[in-house]
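Reviewing the structure listed below.
Each value in this text was obtained by applying a stated rule to the coordinates, not by laboratory testing. None of the values given here were measured: they were computed from a predicted structure. Positions of Cβ are backbone-derived with ideal geometry, glycine not excepted, and every protein chain shown enters the neighbour counts.
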Amino acid sequence: MHDSTNLLSRHGDGRPRIMGVINCTPDSFYERSRSEQLEHSLEIVKKMISEGADWIDIGGESTRPGATEVSIDEEKRRTIPLILEIRKRFPNQAISIDTRRHQVAKEAIIAGANMINDVSGLRDPEMCELVLSTQAHVCIMHMQGDPTNMQNSPQYTDVVQEVSSNLLRKARRLVEQGLPVNRICLDPGIGFGKTLEHNISLLKNSESLRGDEGFSILWGVSRKSMFRDLLGREDTNERLAGTLGVAAYAQSKGIDILRVHDVAEHADVGHTISKLELN
């Protein structure tokens, strides 16, 4: 399997790694990211790779605010065949599985996924056991509540301290049990149980997630509702400019990975900034 360890750290010229999103769902919040047909999904993957995607992130359950759960079997049906085909057609491509269920993650790893992207932050003890037994890469995300209720008046005393301590505690527990630091990245969970003010505070202070260990950091802000609240952009199709603004800011902050819907545009931003800084 492809060794993706170095892909959790930003490029040598400071550009964040790009993680392209494929939602094998009928109800993810950004309609253009949805793809329920295998061949169509593979065409999107091919395009993303050609545009510069370091990672392909595959999800079979929407976790947008208010989303309802799908069955484990349905989530597997949506994701596992695609992972198998990507690994077959693009053997060197790094793949992550976006799931909260250890049963789905286990089959995804067997099928060829390199990383488990768990938006629930490893709440399932068996997910922790799976990560340790397989030595898979893992992205641990913070979420207050769950998708059905997370945006119902989220509250914190100190959002930066609470989110960072929560994620660092979980990451350090994995390290203590034998998972290398360079197989872990942390995601503050923008829009997952946070107000606009919470989101902005976390983006401005994400370095608190690194800890003394220097954990990698992933941001997922692409076309999210924070741009509705910040810019008045109700339509997700009108949120690209705001998203790219955050991408430029991410590069200045040394963020390692950006999870995005628009790979080519993010690649252009990264290359442009790196050229300006190097010349």
**Mean Cα-pair separation over length for the chain, i.e. relative contact order, pairs under 8 Å, 6 or more apart, %** = 22 percent
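Given the rule -39500 (n - 2.57) for each run of at least 4 DSSP H residues, summed and divided by the residues of the chain, what is its mean residue ellipticity at 222 nm, to the nearest 500 deg cm²/dmol? Don't skip to the answer; put the middle values down first.
Working: 9 runs with 115 residues, N = 279.
Estimated from H runs of four or more residues: -13000 deg cm²/dmol.
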**Request:** Please figure out what share of the DSSP beta bridges in the chain is antiparallel and state it in percent, rounded to the nearest 5.
**Result:** 0 percent
**Item:** Neighbour net charge for Leu8 - beta-carbon separation under 11 angstrom, K R +1, D E -1
**Value:** +1
**Nitroxide proxy distance, nm - points 7 Å out along Cα→Cβ at His40 and Glu207** = 4.4 nm
**Asked** Taking the structure as given and computing percent of Cα pairs over 33 Å apart, which label from (i) 29; (ii) 50; (iii) 13 fits?
**Response** (iii)
**Request:** Based on other C-beta atoms within 10 Å, arrange Asp256, Asp98, Asp57 from fewest to most.
**Result:** Asp256, Asp57, Asp98
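Please tell me the relative contact order of region 105-260 in percent, rounded to the nearest whole number, where contacts are Cα pairs under 8 Å and at least six residues apart.
On the way: 218 pairs, mean separation 30.8, N = 156.
Relative contact order for region 105-260 comes out at 20 percent.
Could you list the trypsin sites (Lys or Arg not before Pro) in region 90-138 that lie in coil according to DSSP, counting only those with at most 13 other Cβ atoms within 10 Å of their Cβ? Show your work: numbers first, answer last.
Details: sites: Arg100, Arg101, Lys106, Arg123; in loops: Arg100, Arg101, Arg123.
Answer by residue number: Arg123.
List Phe192, Phe215 from most exposed to least, where exposure is judged by having the fewest other Cβ atoms within 10 Å.
On the way: Phe192 26, Phe215 21.
Ascending Cβ contact count within 10 Å gives the list Phe215, Phe192.
Please tell me which of these pairs span more than 30 angstrom C-alpha to C-alpha: Lys76/Lys224; Lys47/Lys275; Lys88/Lys194; Lys88/Lys204? Show your work: numbers first, answer last.
Values: Lys76/Lys224 26 Å; Lys47/Lys275 24 Å; Lys88/Lys194 39 Å; Lys88/Lys204 40 Å.
The answer is Lys88/Lys194; Lys88/Lys204.
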**Asked** Each label point is 7 Å from the Cα along the Cα-to-Cβ direction; what then is the distance between the points at Ser50 and Asp146, in nm?
**Response** 4.1 nm
**Request:** Counting other beta carbons within 10 Å of each Cβ, put Thr272, Thr243 in order, fewest first.
**Result:** Thr272, Thr243
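Taking 0.36 nm per intervening residue step and subtracting the Cα-Cα distance, what contour gain separates Leu196 from Asp268 on full extension? It would help to have the intermediate numbers written out before the result.
Values: separation 72, 0.36 × 72 = 25.92 nm, distance 2.68 nm.
Additional length available on full extension: 23.2 nm.
Rounded to the nearest 0.05, what FRET efficiency do Gln135 and Tyr156 give with R0 = 35 Å and r taken as the Cβ-Cβ distance? Could you check?
Numbers: r = 33 Å, r/R0 = 0.95.
For R0 = 35 Å, the calculated efficiency reads 0.60.
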